[in-house]
Amino acid sequence: MSGRRWSRGAWAARLLVWVAALTPWLCSEQPLLELADGRLSSPASRAVAETDGASALVWLALVAADALLALRARVLRRAVVVALALLAGLVLFERASLPLPTAARFALAAPIAHSPDRADWELLSRPETALPAGPSARHWLGTDSAGRDLLARLLHALRASLEIGLAAAAIALLVGLAVGLACGTLRGAVDFVLMRVIETLLCFPYLFLVLVVFTFLPRGRGTLIGLLGLVGWTAIARLVRGEFLRLADAEFVLAARALGATRWQVAWRHLLPNALTPVWPATTFAVAGALLAEFSLSWLGCGVPEPAASLGALLADGQRQLARGEIWLTLVPSVAMVAIVLAFHAWGERLRESTTPEAAARAARGELR
Amino acid sequence: MRFLLRRLLFGLPTLLGITLLTFALSRLAPGGPLSDLLDPEQGRAVTKEQLAATEKLLGFDRPLHEQYGAWLSSALRFDFGRSLTSDRRPVAEKIAAAAAVSLELQGAAVVLLYGLGIPLGVFAAARAGTRRERCLAALLFVLQAMPTVVIGALLLILFARGPFAWLPLAGLETPGAEPAAPLARALDHARHLVLPVACLVLSGISGIALYARAGVLEALRQPWIRAARARGLPEWRVRYVHALKSGILPLVALLGGLLPWLVGGSVAVETLFSLPGLGRLTIDSIAARDYPTVMALTLLVAAATWLGFLLADLLHAALRRGEVDA
Amino acid sequence: MRGARPHRAGVAAALAAALLLLASCGDDGPAVAHGGSGGGNGGGASAPSAAPVSLALSDEGRASLARGGVPQPGGTLVQSITVEYGTLNNILRTTNSEETLCRLFLFPPLLDIDPDTLELVPLVAAELPTLAADSRTYTWNLKPGIRWHRGDGSGPVEVTTADVVYAWRMISDPTVRAERVRASLGPIESVRALDRYTFEVVAKRPYYRVELEFGYNFRLMPAHLGAAEPAAFNDDPLGRDPVGYGPYRFAAWKSGEYVELEKNRDWFAADALPYWFDRYRVRFIADTAQTPLLFERGELSICPVNDCTRWEEMKREAKLAPLATFHEYYLAQWLYIVWNQAHPAFADARVRRAMTLLYPRELVKEKVYLGHAAVISTLGSVAAPEYDASVAPLPFDPAAARALLDEAGWIDRDGDGWRDRDGARFRFTLKHPRTPVPAIAVGNTWFQQQLKEAGVEVELLPVDSRQLFKELGDRAFDAGQLSWVGDPRDDDLYDRFHSSAVAEGANYGGLADPETDRLLELHRGAFVREERLALAHALHRRIAELQPVTPLYNPQSLVLVSTKLRNVKMRRLGARWFDWWQAP
């Protein structure tokens, strides 16, 4: 995708990814840095390591890769990558601390000093507190109906939802590509059988599948990702297969064949790169689709388990308050959801538009729209 | 024709696979159709012996492949048995009653979706880049990102009181109304449909409009549009006749994809507005582990989905041929 | 992309759509009229003063009540339930809402429970049955002159022992799907007609509740109209076109929308239970959030509200004042957590006690229920005489809980922040219904936080109700959260706490305590009400001590009643409106 102009949607999507990656350090009850008893440590990082260290590392690697690809200024690029590596190191070596020969005490709090999963007990013990609490200096967006900081929950929900959406889309992409490739290349019996499988899956009522699956598998992000990936790959596989069939008689394919390329060489070198064109936008739509589906699952009580937050869970919670005319708790996650879906849709649209032959021609002429 | 026949034949293993999968999954789901008898909140809980006796009575103790075979052989004769819930009505009767509600609802929604969505999309494409178009696109994107449940709940709040309170919130007719003239009844019925259909349209329109917009935009870029312009055709004719013609073709094919939606009903809307449609029936049957109803519904929706694909493919093929002819 | 896009959207839409559901499936709506299965044997205890039935009336409402005056026949009363009835066959019915409609309006039972005094009073029976010296044989007399809503070709047909025998034949046939009724008539051995109005019922063994169980739960069906053979009875069209003998007769059933009954001019108990309304309609409204909106529009006469915040807001809303009176009262329903004693930690009463001490029940009562619930110390309604008000619920006390956990040997030995014993970390799964009421959803997250701080790990696992009861019965759980609708009086906890009910019954936790067993057995055999009350109080203390369950709340029923209705009063069994009427 190099050389393509990053659209506004793509920028927004990337910003969201960065925020999500850094969320555990943006909002945490634990101080980012603490100097006590002559040792400097990072309790916030330790908390990350204890809850979901592995996913934090993946997130950091993701944004580090992004920084390496996108940042032009070398100094800046190095600084960002070093900072990220440092965070990763803190997560990896959770108990690490630096001995400092000083008796001074010092703590650097996170910008949002609340954890997403803990009710504000002090606030709750005040007799005048009504739940959900509205915005205040203490809780910038107020609290949810259990007295937990809404902003902290929102940011963590963003992270969890993106994680689910991105991972599900990635699974869908990989499986879809593989199956599409197999169908498009091998044809015949393989194609027939795989297409029947795809049709069966496409025609199957998902709700039913979901309800049954969740009675066997543990609830949580892993299951959600697997399930949404399972739901998503068929569309991509059909798409890839369609492109393969369409391009089978294209001149460049015939030329490659005439030059003696094997079936797989043609498929891998010539067909696949061309077939990918419509797949990229489909994948960004798949992310958005997975987010909406995640909301649905949360509604069913099959979302991420309490006390974790996801946008779907927040929205489901808020929707229950809607009947009272209490719109705030719906509005906040809706806006976040709209932002993500918009960002990914806009990105997908732009990808789609820019992959038409005319756009390619325009781009070649260096012409802007 | 041979193509059609072949596709129809291919459909059989798919449908068979679906029923098999549904059957297996429904039996795997924990808590069978009788487990509500264990709920002590609904009266005296039944003993395990009694439960086993009833299971035997209903044939649940037989091997699974036998049960599936029995289901299949009667399904082939279009006999889907009786519901296992306490109403014990024939499954076909239950589904037919619910389908009438859903088809009316979704049918009205589809007509409106196309009737409103396509002009919106063409408008957006024609004005691409203007501020007005951007506002419209943003609005459509926001609608697309909102789950149907949320849209419905907002509608309910907005229309429950105030100047719009004349719109009914639940059901399909005013209960207790004296038997009135057919016209008055039809009007009453239509009033009940307004909010649910509005909810469906709002939640689906952005998909159609954005799709139409993309199609028309793409068409406008085609060389033959340039050729048409070069021939000196008026701009409105280029946009609204030529571009639209090819731009909305894919939307027609999209209709095929809407078939299962038409048949499946909408759980969100049917729950929010208390309508006895297929969506509710599906959910209730799954919750009640009402095997015969679940099986029949799955088969129905699967067949519709599959037919939808077939339809979409046929339309695609027909359209492509049309393009070539043009 | 083209082929894929709409489909993905379709999947998301279908999923989104699908979602909604759970909230509505499974619960059968708040209990307005009481659906319990009976209580009381006619012993003469005086009415206890504990019933905290409050009536918050707006001025407008008070004025309209005062204008009431003389009873006016006519009008329509409209209520709603969330899940449509499956059948109105009096013998095959399976849910509370079906049972309530059948029992109150179509097929009144032999004995009724007086909604004010909770005494048993004869209704279809001419008088209370006589018990023979063997303590097992009861002789019943039917009131003569009660006629079925529909006769045979030659004219009206009376309710006689032929119907009793017919019903018993159907109920006791194993191929008839009458599991619920059969279960509640389990203690009955045989039913035999002596003449046109007299019949004899023999119990399997002496048990004080037989009179009540039979009198209240025995179901009649018209022998002259019903299917003669059990095989056909299951699919009898009478299930959707019921013919009864009660104050209302069946008028219409609009599938998915409502059931309507009309007044029975031939109602035999019109003196005591006049039922002034001409029509009674029950609408099926799936989304409970919507019912207050319908009430405001005048489409419902009675409307339960289950969101306490909304309730408080409504009480303050000026425009509701002329429309509604607000009623708050306690029914015999409660929420609790049952601890599976097969779990290594919960076999120890100290650990169970620690769990209760960690559950912030008072905070939930204040912040979520806004005071509209009572924290309880056993499974019972605070309004019931069986509830011993002197036993205070355990407080919220994390420090005491930690001390108890230490004492029980659950200590954080490896310093990872979690308590352990014998090398196993203290963790458990709390299963709760999939769409919990707000009090449960919020209370559980607070409980989880408190447990975490105390070093105990809990996973909150929503499961659907079918699965939950299956797993409870199989004892495949650590902790389970339940709600329960009990009997309005003389509730028998035998089935929940007796050691014999572990294998076959609702003693899901597996409590096996000789003292509890002894009290429960004595209670079952006590035919004098005072004795039973004393035993119930002793049992209450024992349960509070052992904590086999953590009793949570006895929530208040919050109900709006239209100001168009007159003579409105809540009874100890809730909104029983037989003497209300509609303003002209």
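The values are calculated or read from the model by the stated rules, or taken from the named source; none is laboratory data. Since this is a predicted model, take the numbers as computed values, not measurements. Cβ sites come from the backbone with ideal geometry, for glycine too, and all protein chains shown count toward neighbours. Heads up: the accessible areas ignore ligands, DNA and RNA and are worked out on the full protein's heavy atoms, side chains in. Shrake-Rupley method; radii C 1.70, N 1.55, O 1.52, S 1.80 Å.
Here are the numbers for the structure shown:
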| read-out | value |
| --- | --- |
| Whichever lysines have a C-alpha closer than 23 Å to that of C:Lys452, once near sequence neighbours (fewer than 8 apart) are set aside | C:Lys365, C:Lys367, C:Lys431 |
| Sparsely packed trypsin sites (Lys or Arg not before Pro) within the range C:132-232, loop by DSSP, other Cβ within 10 Å at most 12 | C:Arg196, C:Lys204 |
| Ranking by accessible area, most exposed first, for C:Val391, C:Val561 with a 1.4 Å probe | C:Val391, C:Val561 |
| Shielding of B:114-120 by partner chains, average beta-carbon count, 10 Å | 0 |
| Rounded tilt (10° steps) of B:182-220 against the dominant C-alpha axis of chain B | 50 |
| Residues A:Ala54 and C:Asp416, FRET efficiency given R0 of 30 Å [Cβ-Cβ distance, rounded to 0.05] | 0.95 |
| A:Ala109-C:Asp397 FRET efficiency (beta carbon distance; Förster radius 41 Å; 0.05 resolution) | 0.85 |
| For chain A, size of Cβ-based charge dipole, Lys and Arg +1, Asp and Glu -1, in debye | 1200 |
| Selection of trypsin sites (Lys or Arg not before Pro), the range A:171-228, meeting DSSP coil and at most 16 other Cβ within 10 Å | A:Arg187 |
| Integer Hz, Karplus 6.51/-1.76/1.60 couplings in order for the range C:249-258, x for Gly and Pro | 10, 5, 10, 7, 9, 9, 3, x, 10, 6 |
| Residues with amide H under 5 Å from that of C:Gln333, placed H, sequence gap 5 or more | C:Gly486 |
| 16 Å Cα-Cα reach of B:Lys94 towards lysines, excluding residues that sit fewer than 8 places from it in its own chain | C:Lys254 |
| For C:Tyr258, residues with placed amide H under 5 Å, excluding near neighbours | C:Phe284 |
| Per-residue average of Cβ from other chains inside 10 Å of C:388-398 | 0 |
| Positive minus negative residues near B:Pro90 (Lys, Arg vs Asp, Glu; Cβ under 11 Å) | 0 |
| Heavy-atom accessible area order for B:Lys94, C:Lys315, largest first, 1.4 Å probe | C:Lys315, B:Lys94 |
| Trypsin sites (Lys or Arg not before Pro) lying in DSSP loop within the range A:37-72, provided at most 13 other Cβ fall within 10 Å | A:Arg72 |
| Principal-axis tilt of helix C:161-172 within chain C, Cα atoms, nearest 10 degrees | 30 |
| Chain B: relative contact order in percent, alpha carbon pairs under 8 Å with at least 6 residues between | 26 |
| Shielding by other protein chains, A:142-148, mean Cβ within 10 Å | 4 |
| Förster radius 35 Å - calculated FRET efficiency between B:Trp236 and B:Ala138 (Cβ-Cβ, nearest 0.05) | 0.85 |
| HN-Hα J in Hz across the range C:506-520 - Karplus 6.51, -1.76, 1.60, θ = phi - 60°, x for Gly and Pro | 10, 7, 5, x, x, 5, 9, 10, x, 5, 4, 4, 4, 4, 5 |
| For the protein assembly as shown, calculated [θ]222 nm from helices alone, where every DSSP H run of n ≥ 4 adds -39500 (n - 2.57) | -16000 deg cm²/dmol |
| 5 angstrom amide H check on C:Asp420, placed H, neighbours 5+ away | C:Ile411, C:Asp412, C:Arg413, C:Phe426 |
| Ratio of the Cα radius of gyration of chain A to 2.2 N^0.38 Å, where N counts its residues | 1.16 |
| Helix C:438-453 axis, angle to chain C major axis (alpha carbon atoms, nearest 10°) | 20 |
| Charge sum, other residues only, whose C-beta stays under 14 Å from C:Arg542's C-beta, Lys/Arg counted +1 and Asp/Glu -1 | -2 |
| Set of lysines near C:Lys564 by C-alpha distance (under 20 Å), chain-local residues within fewer than 8 positions excluded | C:Lys263, C:Lys315, C:Lys319 |
| Where C:Phe527, A:Phe344 fall by accessible area, highest first, once all protein chains stay in place (1.4 Å) | C:Phe527, A:Phe344 |
| Rounded to the nearest 20 debye, dipole of the protein assembly as shown from Cβ charges on Lys, Arg, Asp, Glu | 6020 |
